[in-house]
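The values are calculated or read from the model by the stated rules, or taken from the named source; none is laboratory data. Every value quoted in this text rests on a predicted model; they were computed, and no experiment measured them. Neighbour counts are summed over all protein chains in view; Cβ atoms, including those assigned to glycine, are modelled from backbone coordinates with ideal geometry.
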């Protein structure tokens, strides 16, 4: 199969359009194979070639960029606020049951209302995430929103576009309008990684994957959302126009699959209430085997006619219910409290427990977060404690059982010295963590090396926690820049490293030299600078050299950079050892500056800000906004003094009067059509 798309069309302009459409179709296909089916057909390198082709063509022909292009998943500027939208069909919440008796009582109510007949049920795992609704108009994603109160939600379209398993464009057989509901979630591995980073940076931890997913989707900058490994499953149909209406919920799920949406492979069609109970009990015991969190099973009547017959009570459907799992908790004795040393010198307490089985998993350690957490819950060494895994990847101590104290328990105090290098440990005012003061602490160096090579940093395959420690202990690496001075001979001196392993590691090291500057800034491990802050810095300072010369005051002008972060960055680059690392990276050929994009010619609507009001006849609201943006114009949601033009459709409302008051130019939809046609 060839991955370099070439059009043979005679007309040059048509040739470019055809080539772009072929590329988009091919990239969307491979996104579907990778992110939905988990069955890729091409390598990452081949995929990158396709994306670079499309980006190049779109840069040369910005008028051909469309909202459904794969390049537009992370292309919008940060928002100042989310707008509120109204759901055409409300997103109802589910009633809950917590025991077999309550579930059978729900079923009996169905029988009482609908009579004794044969019922089919669809069982779905209840994902612990955030409910969203996607609206497609003529096959294109035009809006994505949160559930909100069920009737009104927040418009988070740009953030949802960053999730690769969400299609931007549907196949040609899609209905004219379709509203698809689902759950956005954060896999367990992603949740653990984000919390580890936040703990290192002294930021509050997310309580659970649902909390992390919600926080990610409510970022005003979609580029931040894009850095978090969100995924989605879809399970409900809202608005549906000009298509064959499915007769059952199971057919709805099959329709979703045919349109490219990701549905949960564990969904089941059950013919009897006994099969439903077996499904529930199976996943109650097997929930820990899943790569994402679930907190129960959703049971739905399969027949859509019967769903409509049963109707709703208050804001809950009578035809569906969430059968929740019991919380996964256990009790055991906390033997002692240990300390881990992080890459920035943080001293992180953890609980060493008498082994206990919780949800089929053997637990011997649990997180204690920091000193304030331990004191706030009055957790003591020797306590019998409640340990919880429900809704959390890392087991945590809920609290002690005070009534079971014997008087032999010991109040814990943070150590005054680092447990690794014995250097002084201090707690800085306004911070929740203690830190080792020794920059040369061996454990910090090992952790920095592991962080530098991690996936979100320089992404050097093969250099994980174990090899990082081995390289450091063997004296082959003293700082992160030394990675680029390794060779096969040095690697072959290590145990369990053969010729092929060494070659693979060296190839990955070589590839990492060309990572974007944002990755390098994050990889350097500057205190308080996480992946999101690094991305913001790289946007404004496209080279390490420029960043290193900025003053505290200049840094404070950058979004997401506060006094602590600014001071940390300037302090980092003041240290001679850190400047030496930068020079070693430069000599090794590591990229220290992003390529400066070629400036495009000034577009015809550059400098003008538009607001649309009223109903449009020739465009959807989203299409009109994208047309304006493609021509260089900005689009606002409210009339302000910055507004230069207002496009007025039918029933414009109060915005028209405000536009006149502020002296904005009033245009009709025909004027917009003329603007667009003149530029085509």
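Among the residues of the range 229-239, is there at least one that is surrounded by fewer than 20 Cβ atoms within 10 Å (Cβ to Cβ) and over 24 Å from the mean Cα position of the chain (by Cα)? I'd like the intermediate steps shown before the answer.
Pass one, the range 229-239, residues surrounded by fewer than 20 Cβ atoms within 10 Å (Cβ to Cβ): 229, 238-239.
In the following step, the residues that additionally are over 24 Å from the mean Cα position of the chain (by Cα) were identified as 238-239.
Yes: the range 229-239 contains one or more residues that are surrounded by fewer than 20 Cβ atoms within 10 Å (Cβ to Cβ) and over 24 Å from the mean Cα position of the chain (by Cα).
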request  = Say whether the condition of being under 26 Å from the mean Cα position of the chain (by Cα), in a helix (DSSP H, G or I), crowded, with 17+ Cβ neighbours inside 10 Å and assigned by TED's automatic domain parsing to the domain that holds residue 294 is met by at least one residue in the range 247-254.
outcome  = yes
request  = Tell me, please, whether a residue that is under 30 Å from residue 128 (Cα atoms) and crowded, with 20+ Cβ neighbours inside 10 Å can be found in the range 418-425.
outcome  = no
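Quick check: anything in the range 181-189 out of contact with any helix residue (DSSP H, G or I) (no Cβ under 8 Å at 6 or more places or on another chain), buried (at least 20 other Cβ atoms within 10 Å of the Cβ) and more than 21 Å from residue 457 (Cβ to Cβ)? Spell out the reasoning first.
Pass one, the range 181-189, residues out of contact with any helix residue (DSSP H, G or I) (no Cβ under 8 Å at 6 or more places or on another chain): 181-183, 189.
Right, trim to buried (at least 20 other Cβ atoms within 10 Å of the Cβ) and you get 182-183.
Subset that is more than 21 Å from residue 457 (Cβ to Cβ): 182-183.
Yes, because at least one residue in the range 181-189 is out of contact with any helix residue (DSSP H, G or I) (no Cβ under 8 Å at 6 or more places or on another chain), buried (at least 20 other Cβ atoms within 10 Å of the Cβ) and more than 21 Å from residue 457 (Cβ to Cβ).
Restrict the check to the range 278-291 and report whether at least one residue is within 16 Å of residue 249 (Cα to Cα), modelled with pLDDT of 95 or more, touching a helix residue (DSSP H, G or I) at 6+ places or on another chain (Cβ under 9 Å) and part of a helix (DSSP H, G or I). Step through it out loud before you land on a result.
Kept after step one, since they are within 16 Å of residue 249 (Cα to Cα), are these residues of the range 278-291: none.
No, the range 278-291 contains no residue that is within 16 Å of residue 249 (Cα to Cα), modelled with pLDDT of 95 or more, touching a helix residue (DSSP H, G or I) at 6+ places or on another chain (Cβ under 9 Å) and part of a helix (DSSP H, G or I).
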request  = Report yes if some residue within the range 82-101 is surrounded by 18 or more Cβ atoms within 10 Å (Cβ to Cβ) and in a strand (DSSP E or B); otherwise report no.
outcome  = yes
key: Flag for residue 497 being in contact with a helix residue (DSSP H, G or I) (Cβ under 6 Å, 6 or more places away or on another chain) and under 30 Å from residue 205 (Cα atoms)   = no
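Only one of 529, 477 is touching a residue at least 60 places away in the same chain (Cβ under 8 Å) and on the phi < 0 side of the Ramachandran plot; which? Show your work before the answer.
Numbers: 477 fails: touching a residue at least 60 places away in the same chain (Cβ under 8 Å).
Of the residues listed, the single one that is touching a residue at least 60 places away in the same chain (Cβ under 8 Å) and on the phi < 0 side of the Ramachandran plot is 529.
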Single condition residue 522 does not satisfy, out of (1) more than 20 Å from residue 582 (Cα to Cα); (2) touching a residue at least 60 places away in the same chain (Cβ under 8 Å) = (1)
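Among the listed residues 381, 364, identify the single one that is without any contact (Cβ under 8 Å) to a residue 24 or more places away in the chain and farther than 30 Å from residue 114 by Cα. Quick ask: steps written out before the conclusion?
On the way: 381 fails: without any contact (Cβ under 8 Å) to a residue 24 or more places away in the chain.
Checking each option against the conditions leaves just 364.
Give 499, 495, 510 a once-over and let me know the one that is modelled with pLDDT of 90 or more, surrounded by fewer than 16 Cβ atoms within 10 Å (Cβ to Cβ), out of contact with any strand residue (DSSP E or B) (no Cβ under 8 Å at 6 or more places or on another chain) and more than 24 Å from residue 581 (Cα to Cα).
Working: 495 fails: modelled with pLDDT of 90 or more; 510 fails: more than 24 Å from residue 581 (Cα to Cα).
That would be 499, the only listed residue that is modelled with pLDDT of 90 or more, surrounded by fewer than 16 Cβ atoms within 10 Å (Cβ to Cβ), out of contact with any strand residue (DSSP E or B) (no Cβ under 8 Å at 6 or more places or on another chain) and more than 24 Å from residue 581 (Cα to Cα).
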key: Long-range neighbours under 8 Å by Cβ, at least six apart or interchain, first residue closer than 16 Å to residue 296 by Cβ within the range 265-285, second surrounded by fewer than 14 Cβ atoms within 10 Å (Cβ to Cβ)   = 277/100; 284/326; 285/360
ask   = Condition test on residue 455, is it touching a strand residue (DSSP E or B) at 6+ places or on another chain (Cβ under 7 Å), modelled with pLDDT under 90 and not assigned by TED's automatic domain parsing to the domain that holds residue 205?
value = no
